[in-house]
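**Student:** Below you will find the structure I want to go over with you.
The values are calculated or read from the model by the stated rules, or taken from the named source; none is laboratory data. This one's a predicted model, so the numbers in the text were calculated from it and none came from an experiment. Every residue, glycine as well, gets a Cβ built from its backbone with ideal geometry; the counts of neighbours run over all protein chains shown.
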Amino acid sequence: MTHMKAVAVTPGVAQSARIVEAPIPAPAADQVRVKVIRVGIDGTDAEIDRAEYGEAPPGEEYLIIGHESFGQVESIGADATGFSPGDYVVAMVRRPDDCNHCSAGEADMCITGNYTERGIKGRHGFLSEYYVELPEYLIKIPSALKEVGVMLEPLTVVEKGIRHAWAVQARMKSWQPKKALILGAAPIGLMAAMIMRLKGLDTTVYARDPNMEISNRVSVIGANYVPQLNEKHEMVNHIGEMPKYFGPFDFILEATGSAQVALSAMRIIGLNGVLCLTSVTGGEASMEICPACLNLELVLGNRTIFGSVNAGRLDFEQGVKDLAAAEERWPGWIESLITRRVPLERFRETFERKPGDMKVVVDL
């Protein structure tokens with residue numbers, strides 16, 4: 001067999017995702033070849049299919065998509081070390097350029113924007129039967145976590161945000177966070193709540209929809225679930241009341257994709273607290289704000305706001321530890337976030353959300 005099936009798009013052409021026959025990559029001497037088991041699908045993949053962005057490798061006409069991978073090492077180049085056939089692995093996504101941050105091993109903090117990303121920007125992704133990679137970009141997954149390993153890459157987005165928040169709070173000699181607020185109840189938000197509970201914080205998850213399944217998931221890990229709607233199906237007007245009932249919040253993580261929610265979150269950070277923004281919000285809609293009020297609250301309260309995207313090796317390694325800790329404490333909880341599994345031939349079904357969807361994966 002010399003060819004494999006993969007899902008690829010023609011960048012710039014909407015709705016172009018299709019199954020292609022691609023050559024099975026041969027590992028170079030310093031690479032390993034991975035047989036893909038499953039790939040998680042998120043909004044990025046659907047946006048690339050809508051031609052909102054996405055860039056093929058230089059000189060190629062298509063881009064193999066998929067960046068949330070889980071697979072098993074099949075073969076190893078003569079000079080590759082650290083892995084053996086049969087090892088379960090997850091691949092990191094971003095690859096560095098030559099800027100100072102990338103050279104220091106922090107491609108997630110690239111200062112030039114000339115990095116590449118597998119399945120997104122300038123490099124083929126993982127929604128294929130095989131891929132090859134350098135060992136330095138692979139993370140070993142214990143066999144006990146093989147059913148949830150595909151959740152590692154999205155978890156690292158949370159891990160990085162939390163790691164940086166705790167680093168920011170090292171500005172104080174004694175910071176003892178007690179209460180956390182997670183805005184959003186998609187996988188990113190729920191996994192953020194999971195980590196907060198592992199850290200022992202009193203955690204509240206706030207989201208738009210009254211949803212019994214989400215409420216049950218949140219209660220399993222000992223957190224509060226607060227859905228809130230007004231007559232216009234907007235939750236922003238109610239965020240200001242959250243500290244009154246559940247706060248003050250030492251840490252807030254926003255993962256809703258709503259600019260209004262992100263802005264409202266800035267007004268409810270507790271004294272000396274920190275807000276991490278993780279969702280990418282688009283559009284140019286204007287909003288009424290009180291800039292003097294926001295400035296006054298941030299200054300007089302020693303409050304901090306920062307944004308976080310992508311993740312580095314530290315976050316992947318911490319993610320493996322937290323997956324193991326969560327699986328031991330709440331067996332089956334993480335796997336319950338995988339709500340739909342689709343075979344490769346029906347991959348397009350993963351681009352459309354269905355009622356009850358959390359994480360949707362393509363099983364190879």
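**Student:** Out of curiosity, is Glu327 of a type in the set (Asp, Glu), surrounded by fewer than 19 Cβ atoms within 10 Å (Cβ to Cβ) and more than 30 Å from Gln15 (Cβ to Cβ)?
**Tutor:** The answer is yes for Glu327.
**Student:** Filter the range 133-185 down to the residues that are in a loop (DSSP other than H, G, I, E, B) and crowded, with 21+ Cβ neighbours inside 10 Å and list them by number.
**Tutor:** Result: Val148, Gly184, Ala185.
**Student:** So, Arg341, is that one out of contact with any Lys or Arg (no Cβ under 6 Å at 6 or more places or on another chain) and without any contact (Cβ under 8 Å) to a residue 60 or more places away in the chain or not?
**Tutor:** Considered against the rule, which asks whether it is out of contact with any Lys or Arg (no Cβ under 6 Å at 6 or more places or on another chain) and without any contact (Cβ under 8 Å) to a residue 60 or more places away in the chain, Arg341 comes out as no.
**Student:** State whether the residues of the range 250-260 include one that is among the hydrophobic types (A, V, I, L, M, F, W, C), in the same structural domain as Lys179 (by TED's automatic domain parsing), at pLDDT below 95 and surrounded by fewer than 22 Cβ atoms within 10 Å (Cβ to Cβ).
**Tutor:** yes
**Student:** Further question on the same structure: Let me spell it out: the conditions are (1) assigned to a loop (DSSP other than H, G, I, E, B); (2) in contact with a helix residue (DSSP H, G or I) (Cβ under 6 Å, 6 or more places away or on another chain); (3) under 17 Å from Lys160 (Cα atoms), and Thr281 meets all of them except one. Which number is the exception?
**Tutor:** (3)
**Student:** Here is a list of conditions, (1) assigned to a strand (DSSP E or B); (2) outside the structural domain of Ala46 (by TED's automatic domain parsing), and Arg341 meets all of them except one; can you say which number that is?
**Tutor:** (2)
**Student:** So in the range 27-84, with the set limited to residues that are among the hydroxyl-bearing types (Ser, Thr, Tyr) and not in a loop (DSSP other than H, G, I, E, B), which one is farthest from Pro135 (Cα to Cα)?
**Tutor:** Thr44
**Student:** If I ask for residues that are more than 27 Å from Val360 (Cα to Cα) and aliphatic (A, V, I, L, M), which ones from the range 47-96 would you list?
**Tutor:** Within the range 47-96, Ile76, Ala78, Ala80 meet the criteria.
**Student:** Hey, could you check the range 215-227 for residues that are modelled with pLDDT of 95 or more and hydrophobic (A, V, I, L, M, F, W, C) and say which is farthest from Ser264 (Cα to Cα)?
**Tutor:** Val220
**Student:** Listed residues Met212, Met235; which is farther than 20 Å from Phe251 by Cα and modelled with pLDDT under 95?
**Tutor:** Selected residue: Met212, the only one of Met212, Met235 that is farther than 20 Å from Phe251 by Cα and modelled with pLDDT under 95.
**Student:** Which numbered condition in (1) surrounded by fewer than 19 Cβ atoms within 10 Å (Cβ to Cβ); (2) part of a helix (DSSP H, G or I) is the only one that Cys102 fails?
**Tutor:** (1)
**Student:** Continuing with this model, one more query. What's the total number of residues in the range 39-82 that are under 25 Å from Glu147 (Cβ atoms), more than 18 Å from the chain's Cα centre (by Cα) and β-branched (Val, Ile, Thr)?
**Tutor:** Here the count works out to 3.
**Student:** Residue by residue through the range 3-26, note down the ones that are part of a strand (DSSP E or B) and within 24 Å of the chain's Cα centre (by Cα).
**Tutor:** Answer for the range 3-26, where residues must be part of a strand (DSSP E or B) and within 24 Å of the chain's Cα centre (by Cα): Ala6, Val7, Ala8, Val9.
**Student:** Tell me which residues, restricted to the range 292-307, are at pLDDT 95 or above, of a type in the set (A, V, I, L, M, F, W, C) and surrounded by 15 or more Cβ atoms within 10 Å (Cβ to Cβ).
**Tutor:** Answer for the range 292-307, where residues must be at pLDDT 95 or above, of a type in the set (A, V, I, L, M, F, W, C) and surrounded by 15 or more Cβ atoms within 10 Å (Cβ to Cβ): just Ile305.
**Student:** Consider only pairs whose beta carbons are under 6 Å apart and that are at least six residues apart or on different chains; among these, list those whose first residue lies in the range 314-326 and is among the acidic types (Asp, Glu) and whose second residue is part of a helix (DSSP H, G or I).
**Tutor:** Cβ pairs passing all conditions: Asp315/Thr156; Asp315/Glu159; Asp315/Lys160; Asp322/Ile195.
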